[in-house]
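K.L.:
Here it is, the structure, as structure tokens.
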Amino acid sequence: MSHEVAGCGEANLMKATNKAELMEKLNMGLIPDKEVKRLIRDQLESRIQWIYNHNCEQRFHQLHNLVQSLRHTSLETEDFNTNVYDIPIEFVKLIHGRALKQSGCYFEDKSVTLDDAEKAMLDLYCERAQIKNGDRILDLGCGYGALTIHIAHKYPQCYVTGITDTMSHCKFIEEQCRNRNLNNVEVILGDITKIELNQKFDRVMVIGVFEHIKNYDLLMNKISKWLKEDCLLFVENVCHKNFPYQIKAIFKRR
Ligand SMILES: C[S@@+](CC[C@H](N)C(=O)[O-])C[C@H]1O[C@@H](n2cnc3c(N)ncnc32)[C@H](O)[C@@H]1O
């Protein structure tokens, strides 16, 4: 993942007192793997302490404050740079399965491969969202198009619109569609929080994207304008089962 260079060891790393400095070092490959692992463990430990160091009353207040703050914020995705998704495709291919699905996969048992687990989850979405041939589908925050392409292939009479804020995703999906002769896909480059659409859809699929959005009232209001009368909204959201929190790093200043 990274290599150690002369003069950059643990001592220098410990001086990295702020996030920007640390991220710059990470991006430049200046932090050795063992340090990256230590940082990950450190972050997880901070998260666990943050959760368990509070009593029930404090947790209730945190929940209340979080809900209030979400209601009074904009739709924008503050504190989290979505450019983390704009990374070289060679690396993306190394760490994902064949579909480049950047979200949950379904492993029915330990013998299932990542490729099969991606496909199993994509099939499960289609089943649970009750997708049928002929539907118009919107895949919000479609990433590299795992679901967009899966639906377009599985249901040739569906028309699938994918929205992503990342140009490299758009180019990748368009290339995949050309290679597979899929003519029932369009990809729009845009920010969900700002984009206006004048189409309506039978199914709106939002996989691993709500985490990046702040004000759910505003978001749901926006999505509701894109829904046909008998439509369904399908959401997969990564969260802790007990403790809600915002997607941002908890950085300990040393
Ligand atoms: C965890 S990935 C999931 C991607 C895809 N749905 C999948 O399952 O493979 C989150 C995606 O949301 C996109 N995203 C986050 N905020 C966005 C925004 N404001 N507008 C458009 N896309 C956004 C990112 O580009 C990223 O591809």
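Where a number appears in this text, it was derived from the coordinates with a stated rule and is not lab data. Everything numeric here is computed off the predicted structure, so don't read it as measured data. Don't worry about glycine lacking a Cβ; one is built from the backbone with ideal geometry, like all the others, and counts go over all protein chains shown.
K.L.:
Whole-Hz ³J(HN,Hα) for each residue in the range 130-145, computed from phi via Karplus 6.51 cos²θ - 1.76 cosθ + 1.60 with θ = phi - 60°, x for glycine and proline: what do you get?
P.N.:
Result, ordered by residue: 6, 6, 9, 3, x, 5, 9, 10, 10, 10, 7, x, 7, x, 7, x Hz.
K.L.:
Related question: Between residue 39 and residue 240, how many nm apart are label points set 7 Å from Cα along the C-beta direction?
P.N.:
It is 2.2 nm.
K.L.:
Can you run phi through the Karplus equation (6.51, -1.76, 1.60; θ = phi - 60°) for the range 231-240 and list ³J(HN,Hα) in whole Hz, with x for Gly and Pro?
P.N.:
With coefficients 6.51, -1.76 and 1.60, one gets 7, 10, 9, 10, 10, 10, 10, 8, 7, 7 Hz.
K.L.:
By how many nm would the segment from residue 180 to residue 21 lengthen if fully extended, with 0.36 nm per residue of separation less the alpha-carbon distance? Walk me through the numbers before you get to the answer.
P.N.:
Numbers: separation 159, 0.36 × 159 = 57.24 nm, distance 4.29 nm.
Working it through step by step, the gained length comes to 52.9 nm.
K.L.:
Can you give the translational diffusion coefficient of the range 123-188 in µm²/s, computed by Stokes-Einstein from the Kirkwood radius over Cα pairs at 20 °C and 1.002 mPa s?
P.N.:
For these conditions, the coefficient is 185 µm²/s.
K.L.:
I would also like to ask the following. In terms of modelled amide H atoms, which long-range or inter-chain residues lie less than 5 Å from the amide H of residue 144?
P.N.:
Counting only residues 5 or more places away or on other chains, the set is 102.
K.L.:
Order of 116-124, 148-156 by packing, highest average Cβ count within 10 Å first? It would help to have the intermediate numbers written out before the result.
P.N.:
Details: 116-124: 18.2, 148-156: 20.7.
Highest to lowest by the protection proxy: 148-156, 116-124.
K.L.:
Read phi for every residue in the range 43-59 and hand back ³J(HN,Hα) as whole Hz from Karplus 6.51 cos²θ - 1.76 cosθ + 1.60, θ = phi - 60°, with x for Gly and Pro.
P.N.:
For the range 43-59, the Karplus-derived couplings read 5, 5, 4, 4, 5, 5, 4, 4, 6, 8, 7, 10, 7, 4, 5, 5, 5 Hz, x marking Gly and Pro.
K.L.:
Using the C-alpha atoms of the chain, what convex hull volume per residue, in cubic angstrom, is computed?
P.N.:
Values: hull volume 40.8 nm³, N = 254.
About 161 Å³ per residue, rounded to a whole number.
K.L.:
Using helices alone, what [θ] at 222 nm do you get for the chain, with -39,500 (n - 2.57) per DSSP H run of 4 or more residues, divided over all residues and rounded to the nearest 500? Let's see the in-between values first.
P.N.:
Values: 9 runs with 103 residues, N = 254.
Rounded to the nearest 500, the figure is -12500 deg cm²/dmol.
K.L.:
On a 25 Å Cα-Cα criterion, which of the cross-link pairs 119/171; 34/110; 200/241; 101/154; 171/225; 132/194 come out too long? Present the calculation step by step, with values, prior to reporting the outcome.
P.N.:
Working: 119/171 22 Å; 34/110 27 Å; 200/241 33 Å; 101/154 16 Å; 171/225 28 Å; 132/194 29 Å.
Violating the 25 Å Cα-Cα cut-off are 34/110; 200/241; 171/225; 132/194.
K.L.:
Take the range 163-214, drop everything but the C-alpha atoms, weight them equally and run the Debye formula without solvent; then report log10 I(q)/I(0) at 0.28, 0.31, 0.32 Å⁻¹ to two decimals.
P.N.:
Taking Cα atoms of the range 163-214 as identical point scatterers yields -1.26, -1.26, -1.26.
K.L.:
Now, a different point. Using 5 Å bins from zero, what percent of all Cα-Cα pairs in the range 76-173 falls into each bin?
P.N.:
Computed distribution, short to long bins: 2, 12, 21, 22, 19, 14, 7, 1, 0.
K.L.:
Once you place label points 7 Å from the Cα toward the Cβ at residue 216 and residue 114, how far apart are they in nm?
P.N.:
Inter-label distance under the simple model: 3.0 nm.
K.L.:
Out of residues 5 or more away from residue 186 or on other chains, whose amide H comes under 5 Å of its own, with H placed 1.01 Å from N in the peptide plane?
P.N.:
Here 160, 161, 162 satisfy the definition.
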